[in-house]
Structure formats: structure tokens, C-alpha cells
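Written out below as C-alpha cells is the structure these notes cover.
The values are calculated or read from the model by the stated rules, or taken from the named source; none is laboratory data. All values derive from a computational prediction rather than experimental measurement. Note: ideal-geometry Cβ built from the backbone for every residue, glycine included; neighbour counts use all protein chains shown.
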Amino acid sequence: MATRPGGSKGFRRTSALLQPSIRRATGQRGFAQTRLLTHWPEIAGEAIAAVARPVDISYGRQGMGATLTLLTTGAQALALEMQKEALRERINAVYGYNAIARIRLTQTAASGFAEGQADFTHRRRPVAAAAPPAPETLARAGEIVAPVTDDSLRAALERLAQNVLSRSQKDRP
């Protein structure tokens with residue numbers, strides 16, 4: 001087993017391995033702390049997170065607070081404009097100091113170019129329905145699990161056997 005820096009043995013957390021890459025990618029956008037991106041719904045609140053997302057932080061020449069740019073749709077911009085000060089206070093509470101001096105809104109259409117798209121929901125992609133297994137696969141899976149007496153366990157094992165047998169048939173030339 002290899003020794004990690006610091007003298008301890010064992011595995012490192014995935015977050016520790018990814019942290020340099022995440023910092024480099026978010027640093028290009030001005031996000032010194034990734035917490036604003038990774039915990040946006042908790043910081044902004046579910047209602048604001050559903051209609052806006054942070055896209056940029058820019059720092060002025062004097063260094064007296066940054067400007068946070070939020071992307072939203074035109075229909076939501078007016079309501080969000082009224083909530084900017086309360087949102088700025090919540091964000092600064094996360095940072096622990098007056099890091100964000102201003103919030104700027106950028107409006108976009110509901111569809112458009114890659115970053116300009118305003119789909120703020122985090123939906124799962126629909127899974128395509130798999131083709132039913134061949135009749136011989138169904139018969140073979142039934143034979144394999146026939147000795148199992150518990151009905152629910154047998155049904156689960158039969159589905160597993162069907163998946164394994166179907167997969168192995170796809171892999172064959």
C-alpha cells in the first residue's frame with residue numbers, strides 16, 4: 001500500500017483528488033470558493049435557484065467587493081431584481097465577509113446557445129426502454145432460479161439473470 005503525503009496510509013477522498021481541477025476550472029470564472037456553485041440552492045433558496053444561477057464573479061480594480069453575475073430569464077429578472085439585496089446578504093454570510101458588493105443580472109431566453117440556456121431545473125435524463133429479452137434468455141433465467149423458494153427473491157434473481165444473460169449475448173460476436 002502506498003503512503004500518502006503526511007505519512008498516513010490508505011485511500012484519499014474523491015473530493016481531495018478532484019479539488020485542484022475544480023479550483024482551476026472555477027477560478028477561471030472568478031469563483032475563489034466553489035461553495036457558491038456547489039451549494040447554490042441552499043445559499044440562494046430553492047425559489048431563486050429555480051430561476052437563476054451564478055455564472056461569473058468579477059473583481060473591481062480597487063478590490064472593494066466583487067460583482068456576482070446571475071443568469072436568469074427575462075420573465076424572472078424583475079422579481080429577482082427586488083431580491084438582490086437579501087440575496088447578497090445571504091451570499092456574504094456564507095463567505096463570512098462582504099465579498100460580494102453588487103449583483104448583476106444577465107437575461108437570456110429559455111433556449112439558446114450552450115451557456116445562455118436558462119434551464120435551471122436539475123432533471124434526470126429519461127432512460128430509453130430496453131428491448132425485451134429473447135425467449136431463450138427468459139427460459140434460461142427461469143431454469144437458473146427455479147430452486148429458489150422465496151417468490152420475491154426468485155423474481156429479483158430472475159431479472160438479474162436476464163440482464164446478465166442478455167448482456168453476455170450482446171458481447172458475443
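A few notes on this one:
- Check on residue 1, in a loop (DSSP other than H, G, I, E, B), modelled with pLDDT of 70 or more and either out of contact with any strand residue (DSSP E or B) (no Cβ under 6 Å at 6 or more places or on another chain) or surrounded by fewer than 16 Cβ atoms within 10 Å (Cβ to Cβ) (or both): no
- Residue in region 108-124 that is assigned to a strand (DSSP E or B), at pLDDT below 90 and either surrounded by 12 or more Cβ atoms within 10 Å (Cβ to Cβ) or among the basic types (Lys, Arg) (or both) present: yes
- Test: residue in region 153-167 that is under 30 Å from residue 78 (Cβ atoms) and modelled with pLDDT under 85: no
- Filtering region 58-100 to residues that are in a helix (DSSP H, G or I) and of a type in the set (D, E, K, R) leaves 81, 84, 85, 88, 89, 90.
- In the set (1) at pLDDT below 90; (2) in contact with a strand residue (DSSP E or B) (Cβ under 8 Å, 6 or more places away or on another chain), the condition left unmet by residue 87 is number (1).
- Residue match in region 21-36 (condition: at pLDDT 65 or above, within 19 Å of residue 106 (Cα to Cα) and either in contact with a His (Cβ under 9 Å, 6 or more places away or on another chain) or not charged (D, E, K, R) (or both)): yes
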